[in-house]
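The structure under discussion appears below in the form of structure tokens.
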Amino acid sequence: MKTIVVTGYKPIEMGIFKHNDPKVHFIKETIRRRLLSYIEEGLEWVLVSGQMGVELWAAEVVLDLKEEYEIQLGVLPPFENQEERWPEDVKQVYEELTMLADFYQTIYKKGYDGPYQFRAKDQFLINHSDGCLVLFDEDTEGSPQYFLRIAKNAQEKSDYKVHYITPFDLDETVEELRMADPEYWSQ
């Protein structure tokens with residue numbers, strides 16, 4: 001895969017209400033580990049629409065990885081000003097990411113007009129990528145289910161790759177990081 005879309009839940013769907021919630025560290029680390037394995041296999045671009053939650057965190061991970069690896073970030077929001085109703089701290093993160101991204105362009109050159117913009121954004125991202133990485137729990141559908149419907153359809157019709165980060169993957173990261181902490185062993 002040369003180009004991958006990363007998406008998943010919005011923060012509220014995971015019970016995360018602050019951008020600096022400790023859970024975010026484990027989510028970002030899980031994304032980082034997965035992206036590193038794809039980079040080693042030739043990944044060049046990570047695409048996100050810049051939605052709050054998994055997509056913003058993934059974009060932050062990519063910007064960190066750029067310091068050591070040849071990886072590029074594309075941010076393609078569905079419409080202009082998607083962040084206008086977001087909390088101020090998240091708006092700042094979004095604005096910084098859009099400035100630091102290697103490519104930034106809205107799908108529609110206007111503000112929110114209807115749900116069709118989200119469907120079109122999902123289809124656009126899938127059409128311009130080789131696969132996707134989705135943080136998803138089959139027991140908790142939430143917003144990623146809409147992207148996944150289109151991605152699974154693309155998977156059936158072509159060699160589009162659909163990869164997941166599951167709750168098990170997150171638990172594994174938490175456990176590995178805990179075991180790597182020397183204080184864990186001194187208790």
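The values are calculated or read from the model by the stated rules, or taken from the named source; none is laboratory data. All values derive from a computational prediction rather than experimental measurement. For neighbour counting, all protein chains shown are included, and Cβ atoms are generated from backbone atoms with ideal geometry for every residue, glycine included. The area values use the complete protein model at the heavy-atom level, side chains included, leaving out ligands, DNA and RNA. Shrake-Rupley method; radii C 1.70, N 1.55, O 1.52, S 1.80 Å.
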- Any chance region 18-32 includes a residue that's open to solvent by less than 20 Å² (accessible area, probe 1.4 Å) and more than 21 Å from residue 92 (Cβ to Cβ)? yes
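Any residue in region 127-142 that is under 24 Å from residue 64 (Cα atoms) and open to solvent by 70 Å² or more (accessible area, probe 1.4 Å)?
Within region 127-142, one or more residues are under 24 Å from residue 64 (Cα atoms) and open to solvent by 70 Å² or more (accessible area, probe 1.4 Å).
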- Note on the structure: Only unsatisfied item for residue 99, checking (1) surrounded by 15 or more Cβ atoms within 10 Å (Cβ to Cβ); (2) outside any strand (DSSP E or B); (3) not acidic (Asp, Glu), is (1)
- Item | Residues of region 39-63 that turn out to be open to solvent by 10 Å² or more (accessible area, probe 1.4 Å), more than 22 Å from residue 15 (Cβ to Cβ) and not in a loop (DSSP other than H, G, I, E, B), as a count | 5
- Task: Restrict the check to region 75-90 and report whether at least one residue is assigned to a strand (DSSP E or B) and surrounded by 14 or more Cβ atoms within 10 Å (Cβ to Cβ).
- Result: yes
- Mind listing just one residue for me: the one in region 42-62 that is under 8 Å from the mean Cα position of the chain (by Cα) and β-branched (Val, Ile, Thr) and, of those, nearest to residue 82 (Cα to Cα)? 48
- Quick one: count up the residues across region 102-122 that are in a loop (DSSP other than H, G, I, E, B) and open to solvent by less than 20 Å² (accessible area, probe 1.4 Å). 2
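Of the residues 146, 160, which is in contact with a helix residue (DSSP H, G or I) (Cβ under 6 Å, 6 or more places away or on another chain) and either surrounded by fewer than 18 Cβ atoms within 10 Å (Cβ to Cβ) or without any contact (Cβ under 8 Å) to a residue 40 or more places away in the chain (or both)?
Answer to the check: 160.
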- Within region 22-39, work out how many residues are farther than 25 Å from residue 104 by Cα and charged (D, E, K, R). 1
